[in-house]
Amino acid sequence: MTGLDLGETNVTDKVMSVRSNSPGVRTPFRIAALYALIGVLWILFSDRLLFALFTDPDILTSLQTVKGWFYVLLTAVLLYLLIAGMSSRLKSTYTELAAEKDYNNTLIRRLPLGLALCSMDGQLVDANPAYAAIIGRTVEETMTLSYWDITPRNYAEQEQAQLDSLKATGRYGPYEKEYIHKDGHLVPVRLTGLIVRRDNEDFIWSTVEDITEQQKASKALQQSEEKFMKAFHATPDAIIISRENDGMLVDINEVFIQQSEYTRDEALGRTILELNLWADPLDRERYVAVLKEQEKVREMEARFRTKSGRFIDCLVSGEFFPLDNEFYLLTIVRDITERKAAEAELEKYHLHLEEIVKERTSDLLHTQEALQYLLEDVNEAKKELETKLAEIERMNRIFVDRELRMVELKEKIMELERKLKGAGRSA
């Protein structure tokens with residue numbers, strides 16, 4: 001099998017088309033017509049010419065024979081030239097068609113899109129390698145299968161609807177279903193097809209695309225969108241999505257509704273300017289200028305005005321992003337009103353503390369001066385005390401010395417008395 005049978009059928013049809021449209025195809029009729037025309041002209045004019053030039057019957061008979069042979073030779077040469085030309089053109093046509101057939105078969109074999117030909121009862125007649133690869137088989141293995149061998153039973157109703165469409169309109173799809181892979185897992189595919197006729201029999205010509213990666217990408221995109229929407233509505237900051245070209249708001253989150261006091265219906269379809277959200281036009285001009293220069297803004301401090309006229313302090317961030325061939329602006333508004341109020345209170349408290357510190361510092365300076373004077377008095381008293389203590393120490397030493405001498409004198413007197421008593425006894 002050199003390629004899909006449908007490809008061979010198309011080539012055969014093209015041969016017939018070329019035959020019907022090519023000058024070579026009309027050659028038999030042209031040869032016959034030319035032969036008849038030459039014959040008629042030859043008979044009419046050659047005989048008249050001979051009778052006009054010659055009157056001798058013997059000469060006329062001989063010339064008639066020569067004329068006949070000349071006519072046969074002339075027509076033979078003409079027939080040869082015409083047939084040779086026709087043969088050359090047909091050979092060239094068949095060569096071109098053979099090359100085109102090889103090209104088409106090669107193209108079909110290498111085409112990444114699955115192609116299959118099956119009978120009206122679902123038996124696969126031919127398929128390209130891409131189709132066989134979708135179901136995990138070789139082309140030879142695929143040819144042993146029926147369309148229903150690779151289709152899960154739960155698609156029976158859907159398949160019947162497609163067959164009804166095929167019979168009614170001559171084509172079906174595109175629609176999506178699943179094929180049963182050789183290893184048992186299901187392969188999502190997208191199909192479209194039409195009825196083709198070959199050898200007086202109808203067949204179904206189908207193109208099949210493996211959409212596994214598309215579904216994975218679609219699922220990943222859906223999950224990403226779900227995550228974005230969760231973050232979009234769960235974030236504590238107000239989020240605005242607007243079109244770049246006209247500034248029209250296309251989506252807002254619940255925090256924006258709470259902060260701005262505008263309902264979703266009131267905000268969507270209008271611009272920030274129309275909602276009069278910027279409290280200071282200079283803030284908007286600064287925001288737009290940074291966006292134009294850097295294509296993004298990070299935490300620019302500004303003031304917004306709510307629907308009721310209340311002002312809120314904000315940090316505004318923004319960045320452009322593409323979506324569906326358009327650019328949009330994602331703006332994030334963080335309410336810092338309470339933080340600013342707390343900072344103001346903290347600043348007042350700091351100023352109050354500074355005043356207290358200044359007062360305490362002044363008191364400490366006065367106290368330090370008083371302590372300095374007191375310390376000087378203490379030092380003077382200390383010096384006087386040290387002088388008095390030294391005098392007392394000197395007097396104490398004098399008294400101690402006197403006391404020691406008195407004790408010594410007393411001991412000497414007692415010693416003398418003992419000696420006197422001893423002398424009296426001896427006498």
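Read-outs: derived from the displayed coordinates by stated rules, not from any lab. Model, not experiment: these values are computed from the prediction. Cβ atoms come from the backbone with ideal geometry, glycine included; neighbour counts cover every protein chain shown.
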Exercise for the section: Find how much the distance from LEU50 to MET395 grows on full extension, using 0.36 nm per residue of separation minus their present alpha carbon separation; answer in nm with one decimal. Expected result: 104.5 nm
Practice task
Determine the distance separating the Cα centre of region 254-302 from the Cα centre of region 322-374; give it in Å without decimals.
Solution key: 29 Å
Problem - Net length gained if the chain between LEU420 and SER146 were fully extended (0.36 nm per residue, minus Cα distance) - result: 82.3 nm
Practice task
With r as the distance between the Cβ atoms of MET300 and GLU254 and R0 = 25 Å, compute the FRET efficiency 1/(1 + (r/R0)^6) and round to 0.05.
Solution key: 0.60
Practice task
Using the structure shown, list the pairs from LYS307/LYS340; LYS230/LYS292; LYS230/LYS296; LYS216/LYS292; LYS219/LYS292 with a Cα-Cα distance above 25 Å, or answer none.
Solution key: LYS230/LYS292; LYS216/LYS292; LYS219/LYS292
Handout entry: Candidates TRP69, TRP278, TRP205: whichever shows maximal mean-square fluctuation once the chain is modelled as a Gaussian network with Cα springs under 10 Å
Key = TRP69
Completion exercise
Filtering the chain for DSSP H helices with an axial alpha carbon extent of at least 18 Å and a Kyte-Doolittle mean of at least 0.0 returns 27-53, 57-110
Exercise for the section: Give me LYS216, LYS307 ranked fewest to most by other Cβ atoms within 10 Å of their Cβ, as a rough exposure proxy. Expected result: LYS216, LYS307
Handout entry: Highest average packing first - 38-49, 193-204, Cβ atoms within 10 Å
Key = 193-204, 38-49
Completion exercise
Once phi for every residue in region 145-155 is put through the Karplus expression 6.51 cos²θ - 1.76 cosθ + 1.60 (θ = phi - 60°), the whole-Hz ³J(HN,Hα) values, with Gly and Pro written as x, are 9, 9, 3, 7, 5, 10, 10, x, 5, 6, 9
Exercise for the section: On each of the three principal axes of the Cα atoms of the chain, give max minus min coordinate, whole Å, ordered largest first. Expected result: 239, 77, 57
Handout entry: Calculated FRET value between ALA32 and ASP164, using beta carbons and R₀ = 51 Å, to 0.05
Key = 0.50
